[in-house]
1. Under 5 Å between amide H atoms, partner at least 5 residues away or on a different chain: which partners does A:Ala463 have, H built in plane at 1.01 Å?
2. For peptide B:64-73, what's the mean number of Cβ atoms from other chains within 10 Å of each residue's Cβ?
3. Which semi-axis lengths, in whole Å and largest first, follow from the square roots of five times the eigenvalues of the Cα gyration tensor of segment B:137-191?
4. Kindly provide the chymotrypsin sites (Phe, Trp or Tyr not before Pro) of segment A:311-387 that DSSP labels as loop, not H, G, I, E or B, and whose Cβ sees at most 16 other Cβ atoms within 10 Å.
5. Where a ≥ b ≥ c are the square roots of the eigenvalues of the C-alpha gyration tensor, would you call segment A:313-406 rounded, which needs a/c under 1.5, or, failing that, prolate if a/b is larger than b/c, or oblate?
6. Suppose R0 equals 41 Å; then what is the FRET efficiency for A:Arg531 and B:Ile165 from their Cβ-Cβ distance, rounded to the nearest 0.05?
7. Sort A:114-126, B:174-186 by packing, meaning the average of other beta carbons within 10 Å per residue, with the highest value first.
8. Each residue of segment A:396-410 in turn: what ³J(HN,Hα) in whole Hz from Karplus with 6.51, -1.76, 1.60 and θ = phi - 60°, glycine and Pro shown as x?
Amino acid sequence: MRKTGRLLLPVLVAFALLLDIAPVLAVDDIVISINSDKKLVYVGDEFTITYSISVTNPKKFSLKKSADFNKIKGAELISTREKTTSYLIGGIPYTTFIYRYTIRASKAGAIKAGRSVFTYESATYKTSPVAVRVLPAAVSIKKRDKVVRSNAKEAKNTGKVEKKPAEVAKEPAKKRDIEKNMGRRPKKQGRMKEIMGLAGSFAVESVASNPSPYVGEGVVYQFRFYHKIEYVGAPAFSPPQFTGFYVEELPQSRGLVEVERFGGEFIIEEVNYILFPLVAGNVTIPPASLEVRDSAGKMNTLWSDPTDIVVRKLPEYKGNVAIPFSGSVGELSIALELDTNKMIVEAEPFQVSLTVKGVGNITGISEPRFISTDDFDYTLIEAKSSVDKEIDRISGEKRFVYSVTARRAGDIPFDGAAYVYFDTQKVEYVEARTKAAVLNVKPGKNEAAKERAAASAISAILAPIRAGVIISKRTPFYKTHYYTFIMLFLVFSSLLVVSVSLKRGYEERNKDALVKKRAVKTALTGIRDARAHLHNQKIEDFYIQMRYLLNQFFKEKFGIELIAHSLDSLAELINVGKKDKKVIKELISNIKLLNYFRYSTVEVTEDELKDYLTELRRTLKELK
Amino acid sequence: MMGNLRKSLLIFMRALVITLLFSGAAQARDAQHIFDEGNKFFMTKRYDKARANYEKALCMGYKDASVYYNLASAYSFLGKPGKAIANLHRAQKLEPWSKDIRKNLKTLTVLVYKDMRGLQNIQPKPALLKSVVRSFNLLNKDETAIAIVAFYSLFFVCLLARKFISSRFVRITVGVTGVSACIVAMLLIFIFTGSFYFDHFYPQAVITRATQLRTAPGEPQNDENSFNLKEGMVVEITSADDGWRKVALEIGDKSGWVKADTLERIF
């Protein structure tokens, strides 16, 4: 048992280490990403820093410390949003915590957001700092030929927001002059009147390019900021909630051409969005706001009017049933790319690219439909969007790459693909088709054809699915605290039992040696103390210590109390006591070691000591 | 006064417990319903909808072998053997003893590796420990953990019992039992920890889209000397580099780089 215990001890220690490692390895995946939507901004620009943390066990995640954006120099925290979503990555459910901070740059230089600290599965994660470069607000003069429609409010430099429709209506002639000067074409005369003739220094308006779009048709939403005087610092823009729209931000236009409006010259700055309505009906976009500080240092809050949009339902699609409506609205075209130089072999894949391009919601473009489906198998490999954002529209292309396999050999007509979208200009459904071709497919290897046949037949020989089972959601036992507790208890209890057994075994085997060791240790400690007393001239203490030492020694060694020790009692011990060879040997050595007589109160001469030792030796010889 | 407070607290606690119980039960019912709906879609050959339902159940946290298994079936009927194999591996981790899972996995794997002439001449990698750990399919991780506790408890009990037994024969018997239990527990701990270790440091993945092994990240495709990976092949990820993964084949000593979106990690 002792040997087994000795073997088991390191094994148990190894177990304990392994059990320490296991929970660490059992930590679920965590994916942390931090990004800023802009790396370079101008003073007054807003940008968003997003922390996205995906974990498999949301219960064990917590945000310990967020980067304190309020304390960052040259930046101002506008808003904070938190969101939690769940989705599947590679078959594994992940929960993503999104922390979105909207920040406005107020000073040129560099903005550095500090670290955020997250804890997950008792591990701590620190994010790396995010840096954004801020440039001084540049005024790029750019003349644009744009339509100005109104929906404006004006704030005087006192900071009050006032609406004066009566005054606006008085100056139609002036308005026409302005439009002429600007080279702009008014579309909504009524709304324009509202802002005409106002004499404020700041004004804002929000404009929708199309007040009655179809579902899916892009509408440009512009928030315009007019200022007659230079503002101080950077204005803070708070966009409205675009409920019922898919929204894309368009480039901002700043420091535009100076225009004469409201009886004076104003500079316009615009924030642009493109909105794609998701459902039909009347939608009101709530007011947007802008906070701007005037030259007197006073903060003015300007609110635009709500913007009403009537989203029209698309007409019913009555086209080809085989090629259903894709859901896209805009002006689109489709093109097919096929490498005709490459030999096409039966059952061997070749690549075909379909590109849908035009104006509209490019990222939302769905897959086109292949027309020839009997002789070819299609597998989508890649879908990639390339979007070009302008101030008033989104254009670009979406490219779908397919792996196509011919099912048979010969000259097979390849009709290409088609895409049905709703054209807002023609107000009708348009079916865009690629060019048809005849493909010469070479006969493939028989094995490949057989493999394909086997692949199609394989599904039939699979075991049936599980129906009627109760699916369960539970934390695996090995990930619970119970398991860790039980294992730690078992391991440490076993360690304890084994250690106690080993200790007892050792003590049993080395009983004599241990006694001697203990006695020597006590003696040495006592001598040290005694010497210290001697060194400090505490003679009384020294003698007391030596007496105590001697008593302890004899008590432990021979079980004899020697309170009043004398030469007689020692002689008695040697002569009458345990006349064991080993004991006497030890006694001699210990007496030599301790040299105790020198310090004892018992008066012993050198001769007496010699006699005593001689007596001991004699006894030893007798024993031999 | 105190009585009222206690009464209010009791009512509150009861309401809380009932709410918690029922909310959990409601979610379970929803997930079960989604799963059953998925099965209905599967039976009516609407495999894509079935797949969506199974994935939704997984999203709700129901990581059950049945869900993975049915999802794999849906993927195989949708002609995506890669994803099917990945999900079957996940199901097998939860139910290693299941014959159906093993059968389907074998069927799909045979199809994938059929005609892989290039692989037949390659000697398997001598990774004994990894093979031992990965081929242990008697118990899942949970059951292995319970078995470890059981054997370790037996060892502990034997250790204690020896202290109180005087009969030599019984002491020897108890000692042998204890040591055997300890050895079994050690082996199980080795497998348990090893499976975490290998899953973590040598993660397996399934090719979900046919691709080529490249000698370096970003190398052009259509290199005649490069090796083609078929959809459904199981590989081991050895390193990663910004959208690229270095993989080694599970059988054979081929290794190279593939795009990260062409494979799916099993665990």
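The values are calculated or read from the model by the stated rules, or taken from the named source; none is laboratory data. The structure displayed is predicted, hence computed values, not measured ones. Methodologically, a virtual Cβ is constructed for each residue, glycine included, from the backbone with ideal geometry; neighbour enumeration extends over all protein chains shown. With ligands, DNA and RNA removed, areas are computed over all heavy atoms of the protein, side chains included. Shrake-Rupley method; radii C 1.70, N 1.55, O 1.52, S 1.80 Å.
1. It is B:Asn104, by chain and number.
2. Partner Cβ neighbours, averaged per residue: 5.
3. Calculated on Cα positions only, the semi-axes equal 26, 9, 7 Å.
4. In loop regions of segment A:311-387 (DSSP not H, G, I, E or B), the sparsely surrounded chymotrypsin sites (Phe, Trp or Tyr not before Pro) are A:Tyr317.
5. Numbers: a/c = 3.05, a/b = 1.52, b/c = 2.01.
It is oblate, given that a/c is not under 1.5 and a/b is not larger than b/c.
6. Step by step, r from the Cβ atoms, then E = 0.20.
7. B:174-186, A:114-126
8. x, 8, 10, 10, 10, 10, 10, 9, 10, 10, 7, 7, 9, 8, x
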